Amino acid sequence: MVNKIYMMNFKSVSDSALLEKTKTLVQEERKLTTSVLWHLHEIQKRRLYAEQGFQSLFDYCVRGLNYSEAAAGRRIAAMRLLVDVPEAEPLLEAGAISLSTLSTIQGFVQRKDAPTSKAEKMELVAALQGKSRRECEQHLVALGPEAARPADRERVISPTETEIRFVADDALMEKLKRIRELDAHVNSDPSYLDLFHRLADLALKKLDPEKRIERKSTPPAESPQIPEAPSTNPRYVPAAVKGLVWKRDQGCCTYRTPEGRRCSSRFALEIDHIKPLAHGGLSTPENLRLLCRAHNRQQALAKLGPEVMRPYLV
């Protein structure tokens, strides 16, 4: 219905007026894009994404603003470059350089081993004005093949399958070869899918607190439980208490916004003291909870203040 209304309106618009209006809209769109980038920067500075129940600015862009993951990634990367090189703003607004190119430059400098100065970033922006994506990639490869290698990519190819692309260096290939040799008694010729399933199972068995809880809940009869030695460190949380907190909080961030939306992130979880140790809080299950790193910092800032937390927010 909406399209029909637009079509009816367009019928009375001349060709020249249509072209001029489109040009004006594109110019406004570029200005709006620049404005969005600066707004994202300010949201990041104030950590407002955490207050809104999101684990990161990227999470906020995807789940809060409904950008696709690719679109969110481009905008955040371009925003970070724009903060370092604000001189690129008029170029972006004029269409002399694209959002995608700014994002590509930021990815390039992030992957470099050595820090990149503002002057070097400005040189890249100037050199890549008006270039296509392919021309940009060719230019960056000539400057530094390692830093210009393709970024990791994920692409959903079916309801149950995702294609993952990344560049493996020689060291990783040697490690995979050795794992294949050591694991040949289980599978003599594994596909990469089989191999990564095997590695993921081994890693989760070692790293996942929930897996450790499962193992401890059914200890072998022949393995006596050795009690933990008491610790004098007030920050120390006994493994048994950690296990209770992980199980109770279901391995998810428990932060809730004032409206009641729970973060539920499973990324970079940390044990948080609801009443801080500095205020007399104890390391008991009732005073502990799981928070993702973003919400642990956000709560610490709220309770302890920016002056106390400044050294930890590098």
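The values are calculated or read from the model by the stated rules, or taken from the named source; none is laboratory data. Since we're looking at a predicted model, the values are computed, not measured. All Cβ positions, even for glycine, are placed from backbone atoms using ideal geometry, and neighbour counts span all protein chains on display.
Residue 186 passes all but one of (1) closer than 29 Å to residue 112 by Cα; (2) aliphatic (A, V, I, L, M); (3) in a loop (DSSP other than H, G, I, E, B); which number fails?
(1)
Against the condition of a type in the set (A, V, I, L, M) and under 20 Å from residue 98 (Cα atoms), how does residue 172 come out, does it pass?
On the way: of a type in the set (A, V, I, L, M): yes; under 20 Å from residue 98 (Cα atoms): no.
So residue 172 fails the test.
So which residues in region 235-245 are among the charged types (D, E, K, R) and either exposed (fewer than 12 other Cβ atoms within 10 Å of the Cβ) or more than 29 Å from the chain's Cα centre (by Cα) (or both), if there are any at all? Break it down into steps so the answer makes sense when it comes.
Here is the first cut: in region 235-245, the ones among the charged types (D, E, K, R) are 235, 242.
The answer is 235, and nothing else.
Does region 125-137 contain any residue that is β-branched (Val, Ile, Thr), within 29 Å of residue 256 (Cβ to Cβ) and either touching a helix residue (DSSP H, G or I) at 6+ places or on another chain (Cβ under 7 Å) or modelled with pLDDT of 95 or more (or both)? Before you say what the answer is, go through the steps one by one.
From region 125-137, those β-branched (Val, Ile, Thr) are 125; that's our starting set.
Pick out the ones that are also within 29 Å of residue 256 (Cβ to Cβ) and you get none.
There is no residue in region 125-137 that is β-branched (Val, Ile, Thr), within 29 Å of residue 256 (Cβ to Cβ) and either touching a helix residue (DSSP H, G or I) at 6+ places or on another chain (Cβ under 7 Å) or modelled with pLDDT of 95 or more (or both).
Being over 22 Å from the mean Cα position of the chain (by Cα), modelled with pLDDT under 95, of a type outside the set (D, E, K, R) and surrounded by fewer than 21 Cβ atoms within 10 Å (Cβ to Cβ) narrows it down to one of 115, 90, 145, so name that one. Please lay out each step first, then the result.
Working: 115 fails: over 22 Å from the mean Cα position of the chain (by Cα); 90 fails: modelled with pLDDT under 95.
Criteria check complete, one pass: 145.
Counting residues that are of a type in the set (Val, Ile, Thr) and without any contact (Cβ under 8 Å) to a residue 60 or more places away in the chain, which helices (runs of 4 or more DSSP H) fully inside region 11-122 reach at least 1? Working first, answer last.
Working: elements: 15-46, 48-51, 69-84, 89-94, 99-111.
Output list reads 15-46, 69-84, 99-111.
If I filter region 246-266 for residues that are assigned to a helix (DSSP H, G or I) and surrounded by fewer than 16 Cβ atoms within 10 Å (Cβ to Cβ), do I get at least one hit?
Taking region 246-266 as the starting set, the residues that turn out to be assigned to a helix (DSSP H, G or I) are 246-248.
With surrounded by fewer than 16 Cβ atoms within 10 Å (Cβ to Cβ) added as a condition, the list becomes 247-248.
Yes - at least one qualifying residue is present in region 246-266.
Is it the case that residue 89 is closer than 26 Å to residue 24 by Cα and charged (D, E, K, R)?
Details: closer than 26 Å to residue 24 by Cα: yes; charged (D, E, K, R): yes.
Answer is yes for this residue.
Let me confirm something: among 56, 68, which residue is surrounded by 13 or more Cβ atoms within 10 Å (Cβ to Cβ), of a type in the set (S, T, N, Q) and under 14 Å from the mean Cα position of the chain (by Cα)? Can you show your working first?
Numbers: 68 fails: surrounded by 13 or more Cβ atoms within 10 Å (Cβ to Cβ).
Exactly one of 56, 68 is surrounded by 13 or more Cβ atoms within 10 Å (Cβ to Cβ), of a type in the set (S, T, N, Q) and under 14 Å from the mean Cα position of the chain (by Cα), namely 56.
Got a sec? Which of 89, 20 is of a type in the set (Asp, Glu) and out of contact with any helix residue (DSSP H, G or I) (no Cβ under 9 Å at 6 or more places or on another chain)?
Values: 89 fails: out of contact with any helix residue (DSSP H, G or I) (no Cβ under 9 Å at 6 or more places or on another chain).
Being of a type in the set (Asp, Glu) and out of contact with any helix residue (DSSP H, G or I) (no Cβ under 9 Å at 6 or more places or on another chain) holds for just one of 89, 20, which is 20.
If I go through region 267-292 residue by residue, how many of them are assigned to a helix (DSSP H, G or I) and in contact (Cβ under 8 Å) with a residue 40 or more places away in the chain?
Going through region 267-292, the residues assigned to a helix (DSSP H, G or I) turn out to be 277-279, 285-287.
Imposing the further condition that a residue be in contact (Cβ under 8 Å) with a residue 40 or more places away in the chain reduces the set to 277, 285.
Matching residues across region 267-292 total 2.
Taking into account only those residues within region 82-104 that are hydrophobic (A, V, I, L, M, F, W, C) and touching a Lys or Arg at 6+ places or on another chain (Cβ under 7 Å), which is farthest from residue 131 (Cα to Cα)?
Taking region 82-104 and keeping what is hydrophobic (A, V, I, L, M, F, W, C), we get 82-83, 85, 88, 91-92, 94, 96-97, 99, 102.
Still in the running and touching a Lys or Arg at 6+ places or on another chain (Cβ under 7 Å): 85, 92, 99.
Working: 85: 18, 92: 13, 99: 12 Å.
Looking at residues that are hydrophobic (A, V, I, L, M, F, W, C) and touching a Lys or Arg at 6+ places or on another chain (Cβ under 7 Å), I get 85.
Yes or no: region 160-174 includes at least one residue that is more than 26 Å from the chain's Cα centre (by Cα), exposed (fewer than 15 other Cβ atoms within 10 Å of the Cβ), on the phi < 0 side of the Ramachandran plot and not in a helix (DSSP H, G or I).
Checked against the condition, which is being more than 26 Å from the chain's Cα centre (by Cα), exposed (fewer than 15 other Cβ atoms within 10 Å of the Cβ), on the phi < 0 side of the Ramachandran plot and not in a helix (DSSP H, G or I), region 160-174 yields no hits at all.
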